[in-house]
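Right, one structure below, let's go through it.
The values are calculated or read from the model by the stated rules, or taken from the named source; none is laboratory data. The structure presented is a predicted model; accordingly, all values stated were derived computationally and were not measured. Heads up, the Cβs are rebuilt from the backbone with ideal geometry, glycines too, and the neighbour counts pull from every protein chain shown.
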Amino acid sequence: MTSPRRLESHVCGRWIPGEKPGQPLLDAATGETVALIDSSGIDFAAALAYGRETGGPALRRMTFHERAAMLKALGQALMALKDEFHAESLHTGATPGDGWIDIEGGIGTMLTFASKGRRELPNTRVLTDGAVEGLSRDGSFVGQHILTPLEGVAVHINAFNFPVWGMLEKIAPTLLAGVPCVVKPASQSAYLTELVMRRIVETGILPEGALQLICGSVGDLLDHVTGQDAVTFTGSAATGRKLKAHPAVIANSVRFTMEADSLNAAILGPDAVAGTPEFDLFVKEVAREMTVKAGQKCTAIRRVIAPRGQVEALVAALGERLAKTPVGLPGLEGTRMGALASLDQREEVRARIRDLQSVAEIVAGDPAMVRVASGDAETGAFLNPVLLHAARPFEAAAVHEVEAFGPVSTVMPYDGIEEAVALAKLGKGSLVSSVFTDDPRVAEEVVLGVAPFHGRVLIGNRASAKSSTGHGSPLAPLVHGGPGRAGGGEEMGGIRGVTHYMQRTAVQGCPRLLSAVTGRWIEGAEVRHDVHPFRKSLAELKIGDQLVTAAREVTQADVEHFAEFTGDTFYAHMDSDAAKANPFFDDRVAHGYLIASFAAGLFVEPNPGPVLANYGVDNMRFLTPVYFGDTLQVRLTCKEINPRETAEHGEVRWDCQVTNQKGEVVAQYDVLTMVAKTWPALAEAAE
Ligand code: NDP
């Protein structure tokens, strides 16, 4: 056997071994020593300072699109190395399927953030949040919320169960926000996180100081956190509470995101009786959640809530399915469930099952007797799935309070949907619940009933059976976290997860100066009139470049022609009496889309030029009716410019305001165009 790897921490730009020989970390399935871990001798205050002083400024110099491109390059580089990570992952007790959730799931999450950053964020360093708020009658004083990256470090303290996903799902939104990270993986599986970190460092993709890793204890690190830092924690509620109450965290109002125990529930709808597709899907889902990752998932189904009349059939179906789950060495073909993280963890799970047995009886599996298809039941941390039944769930407090972090679930009966919802709520706040039903009324009643107690709710039925990502999978675009017992935190949720590492600030001032701050033109800010703005490439165009068009009258013939041509002969355009009877109109009116079409006819510059395409409009509102004989005029102002990092063009957003002869705004919207970075294109210019 080769000697175990000595894990190192990567801080202050270099790899540092601990001063002591280190604690052995054992292979979950074989008990062999995989690595040694120790972080003694590390200057944790210096690590934080390095992140703040070196990583932070480098990240903040980049735009959102540059950071998104960085995450994409990193995600792609890691994906190319996944086989190496999978080989190491087997030591954690995870099967290749479990490893897929951790490794491909983690890298996929990073790539999703990369793509969202590119598509949903502007190519700037500051975000605006919400609309401009008018604060004065004459428009000279307005307000706008902005988001800027924190100037500290995000310390991510992770759990043992997802050594890759746990790191990547947290650093992706943090780095996209422009904030450096210090990751502290749980010791038990830190060798895999350390391997991924080594490969990340080797790519050279991240700026110096953007990501640091601590293998082993974080020592006095939390003593040094400030109000610009953020701490996230995933693990046990006891540790989470301790860290949340750390004096420096409290004294400096440090953002603290916690994800702890969660007694996730799955509810079988009253319509989903044995024989329906929903019943079968439910059985599959519960069994899957119990066995994937040997039930060591923060989102796993712990409480199974079923109509009283279905409990017997459900227990029988689950028992049969679970009994057919081969448990053994995770790398062997045929193994469906690997080992728990460690022998200690198995003892912990057995102890929690004993707690549950005070109010529930075991109906499938035996925690004392391990049956393995391969491997050694004593030296490997194996445990077959255990299903319990609590006949009186409202009196079974332990079922709603004790998290057995392994392949363990408890079935309980309910009478009526209200009871099912009440039981789910007894978990006092969970990451996720699911309801399996094909009845819209059940879906509505359960989801609205349990939603305040959950960060995510999944509805399972026959229509989404093939495409559903399942109860237990947190997804990058959706919120992951939950209230109360689940820790009260929120992660991911798409761009929401990025803003967790940014400060929201209300900025007040005159439009000109506010526009300078945000890089976005706002009403009342400076404008420029020279050549037609559609003749300007991104190299020349500036926010505030404006076109005020000629005026055009709208005639009855125009409206009738448009109606005939498009087929839109809605009565308000065609029938004077009917239009007058409508509370909004005094007579026949022009179509809203005719107004928008005439507006385009007024503002476009028809010749080939730097404007490449119109790809839509945002926030279109028709504000004042347009009657026959009214005259339209357009004011088009360059509002936002987003050059693409990887193309010869970018997006330009134009504020489009259409007014009538009285100066009333009849239509207001944003026109979205693609504009070339240079025009004529450089190649043509060179000819
Ligand atoms: P812990 O709470 O002990 O550890 C979680 C993380 O916190 C680890 O990285 C750990 O590091 C670190 N940590 C522990 N003590 C401190 C401290 N004083 N200062 C700073 N960091 C600290 O949980 P475990 O991972 O041991 O899991 C125990 C139980 O937690 C499980 O059995 C399960 O019930 C629950 N759990 C819940 C999860 C969820 O998401 N809901 C996920 C994982 C676990 P180190 O490993 O080096 O001690």
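Looking only at residues that are of a type in the set (D, E, K, R) and under 15 Å from residue 256 (Cβ atoms) in region 483-497, which one is nearest to the ligand (Cβ to nearest atom)?
So the first thing to find is which residues in region 483-497 are of a type in the set (D, E, K, R), and the list is 485, 490-491, 496.
Of the ones still in play, those that are also under 15 Å from residue 256 (Cβ atoms) are 490-491.
Details: 490: 14, 491: 11 Å.
Within region 483-497, the match that is nearest to the ligand (Cβ to nearest atom) is 491.
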Seminar exercise, completed: Listed by first then second residue, the pairs whose first member lies in region 490-503 and is of a type in the set (Ser, Thr, Tyr), whose partner is part of a loop (DSSP other than H, G, I, E, B), with beta carbons under 8 Å and at least 6 positions apart or on separate chains, are 501/150; 501/178; 501/179
Exercise. With respect to the numbered conditions (1) modelled with pLDDT of 95 or more; (2) farther than 15 Å from residue 94 by Cβ, which one is the sole condition not fulfilled by residue 382?
Worked result: (2)
For this session: For region 228-248, indicate whether the set of residues that are within 23 Å of residue 290 (Cβ to Cβ), touching a Lys or Arg at 6+ places or on another chain (Cβ under 8 Å) and aliphatic (A, V, I, L, M) is non-empty.
Result: yes
For this session: All but one of (1) closer than 30 Å to residue 428 by Cα; (2) surrounded by fewer than 16 Cβ atoms within 10 Å (Cβ to Cβ) hold for residue 295, so report the exception by its number.
Result: (2)
For this session: Scan region 319-343 for residues that are crowded, with 24+ Cβ neighbours inside 10 Å and among the hydrophobic types (A, V, I, L, M, F, W, C) and report the count.
Result: 5
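Looking at 257, 234, which one is over 23 Å from residue 43 (Cα atoms), in contact with a strand residue (DSSP E or B) (Cβ under 7 Å, 6 or more places away or on another chain), at pLDDT 95 or above and more than 11 Å from the ligand (Cβ to nearest atom)? I'd like the intermediate steps shown before the answer.
On the way: 234 fails: more than 11 Å from the ligand (Cβ to nearest atom).
257 is the lone residue from the list that is over 23 Å from residue 43 (Cα atoms), in contact with a strand residue (DSSP E or B) (Cβ under 7 Å, 6 or more places away or on another chain), at pLDDT 95 or above and more than 11 Å from the ligand (Cβ to nearest atom).
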For this session: Please work out which residue is farthest from residue 236 (Cα to Cα), limiting yourself to region 292-309 and to residues that are in a helix (DSSP H, G or I) and within 16 Å of the ligand (Cβ to nearest atom).
Result: 292
Exercise. Do we have residue 229 as more than 9 Å from the ligand (Cβ to nearest atom), surrounded by fewer than 16 Cβ atoms within 10 Å (Cβ to Cβ) and not aliphatic (A, V, I, L, M) here?
Worked result: no
Exercise. Could you say whether any residue in region 412-426 is in contact (Cβ under 8 Å) with a residue 60 or more places away in the chain, buried (at least 24 other Cβ atoms within 10 Å of the Cβ) and within 16 Å of the ligand (Cβ to nearest atom)?
Worked result: no
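Filter region 245-254 down to residues that are surrounded by 12 or more Cβ atoms within 10 Å (Cβ to Cβ) and either of a type in the set (Ser, Thr, Tyr) or over 23 Å from the mean Cα position of the chain (by Cα) (or both) and give me whichever is farthest from the ligand (Cβ to nearest atom).
Among those that are surrounded by 12 or more Cβ atoms within 10 Å (Cβ to Cβ) and either of a type in the set (Ser, Thr, Tyr) or over 23 Å from the mean Cα position of the chain (by Cα) (or both), it is 252.
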Problem set entry | Complete set of residues in region 431-451 that are over 16 Å from residue 306 (Cα atoms) and within 19 Å of the chain's Cα centre (by Cα) | 431, 432, 451
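Please indicate, with yes or no, whether at least one residue in region 159-168 is more than 15 Å from the ligand (Cβ to nearest atom), closer than 20 Å to residue 299 by Cα and at pLDDT 95 or above. Walk me through it before giving the result.
Taking region 159-168 and keeping what is more than 15 Å from the ligand (Cβ to nearest atom), we get 168.
Going one step further and asking which of them are closer than 20 Å to residue 299 by Cα, we end up with 168.
If we keep only those that are at pLDDT 95 or above as well, we get 168.
Within region 159-168, one or more residues are more than 15 Å from the ligand (Cβ to nearest atom), closer than 20 Å to residue 299 by Cα and at pLDDT 95 or above.
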For this session: Look at region 629-682 and say how many of its residues are more than 29 Å from the chain's Cα centre (by Cα), under 23 Å from residue 123 (Cβ atoms) and surrounded by fewer than 16 Cβ atoms within 10 Å (Cβ to Cβ).
Result: 3
Problem set entry | All positions within region 532-549 that are within 22 Å of residue 514 (Cα to Cα) and part of a strand (DSSP E or B) | 545, 546, 547
For this session: Can you tell me which residue within region 183-205, out of those that are in contact with a Leu (Cβ under 7 Å, 6 or more places away or on another chain) and either without any contact (Cβ under 8 Å) to a residue 12 or more places away in the chain or within 24 Å of residue 60 (Cα to Cα) (or both), is nearest to the ligand (Cβ to nearest atom)?
Result: 183
Exercise. Does any residue in region 260-284 that is within 23 Å of residue 406 (Cβ to Cβ) come within less than 6 Å, Cβ to Cβ, of a residue that is part of a loop (DSSP other than H, G, I, E, B) and among the basic types (Lys, Arg) six or more places away or on a different chain, and which pairs are these?
Worked result: 263/302; 264/302
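Being closer than 14 Å to residue 155 by Cβ, touching a Ser or Thr at 6+ places or on another chain (Cβ under 8 Å) and near the ligand (Cβ under 7 Å from one of its atoms) is the filter here, so list the residues in region 215-226 that pass it.
At the first step, the residues of region 215-226 found to be closer than 14 Å to residue 155 by Cβ are 217-226.
Among the residues that remain, those that are also touching a Ser or Thr at 6+ places or on another chain (Cβ under 8 Å) are: 217-219.
Correct list: 217, 218.
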Exercise. If you take the residues of region 26-43 that are of a type in the set (Gly, Ala, Ser) and crowded, with 21+ Cβ neighbours inside 10 Å, which of them is farthest from the ligand (Cβ to nearest atom)?
Worked result: 29
For this session: Kindly indicate which of 285, 278, 289, 312 is within 16 Å of the ligand (Cβ to nearest atom), at pLDDT 95 or above and outside any loop (DSSP other than H, G, I, E, B).
Result: 289
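Considering each residue of region 427-454, count those that are more than 16 Å from residue 284 (Cα to Cα) and touching a helix residue (DSSP H, G or I) at 6+ places or on another chain (Cβ under 7 Å), and give that number.
Going residue by residue through region 427-454, those that are more than 16 Å from residue 284 (Cα to Cα) are 427-432, 438-454.
Add one more test, that the residue is touching a helix residue (DSSP H, G or I) at 6+ places or on another chain (Cβ under 7 Å), and what stays is 427-431, 438, 442, 445-446, 449-450, 453.
Summing the residues that are more than 16 Å from residue 284 (Cα to Cα) and touching a helix residue (DSSP H, G or I) at 6+ places or on another chain (Cβ under 7 Å) in region 427-454 gives 12.
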Problem set entry | Exclusive hit being more than 16 Å from the ligand (Cβ to nearest atom) and under 33 Å from the mean Cα position of the chain (by Cα), set 387, 383 | 387
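In region 492-506, what count of residues is obtained for those that are assigned to a strand (DSSP E or B) and either buried (at least 23 other Cβ atoms within 10 Å of the Cβ) or aliphatic (A, V, I, L, M) (or both)? Let's see the steps before the verdict.
Within region 492-506, the first condition is being assigned to a strand (DSSP E or B), and the residues that meet it are 492, 502-506.
Filter once more, keeping what is either buried (at least 23 other Cβ atoms within 10 Å of the Cβ) or aliphatic (A, V, I, L, M) (or both): 492, 502, 506.
Total satisfying the criteria: 3.
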Problem set entry | Sole exception among (1) out of contact with any strand residue (DSSP E or B) (no Cβ under 6 Å at 6 or more places or on another chain); (2) away from the ligand (no atom under 16 Å from the Cβ) for residue 94, by number | (2)
Problem set entry | Failed item, numbered, when residue 602 is tested on (1) touching a strand residue (DSSP E or B) at 6+ places or on another chain (Cβ under 8 Å); (2) touching a residue at least 60 places away in the same chain (Cβ under 8 Å); (3) surrounded by 13 or more Cβ atoms within 10 Å (Cβ to Cβ); (4) closer than 30 Å to residue 643 by Cβ | (2)
Exercise. Does region 559-566 include one or more residues that are in a helix (DSSP H, G or I), hydrophobic (A, V, I, L, M, F, W, C) and in contact with a Ser or Thr (Cβ under 9 Å, 6 or more places away or on another chain)?
Worked result: yes
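For region 260-275, name all the residues that are closer than 21 Å to residue 453 by Cβ, surrounded by 22 or more Cβ atoms within 10 Å (Cβ to Cβ) and either away from the ligand (no atom under 14 Å from the Cβ) or charged (D, E, K, R) (or both). Walk me through how you get there before you give the answer.
The initial filter retains those residues of region 260-275 that are closer than 21 Å to residue 453 by Cβ, namely 260-270.
When the remaining residues are screened for being surrounded by 22 or more Cβ atoms within 10 Å (Cβ to Cβ), the result is 260-269.
Across region 260-275, the qualifying residues are 261, 265, 266, 267, 268, 269.
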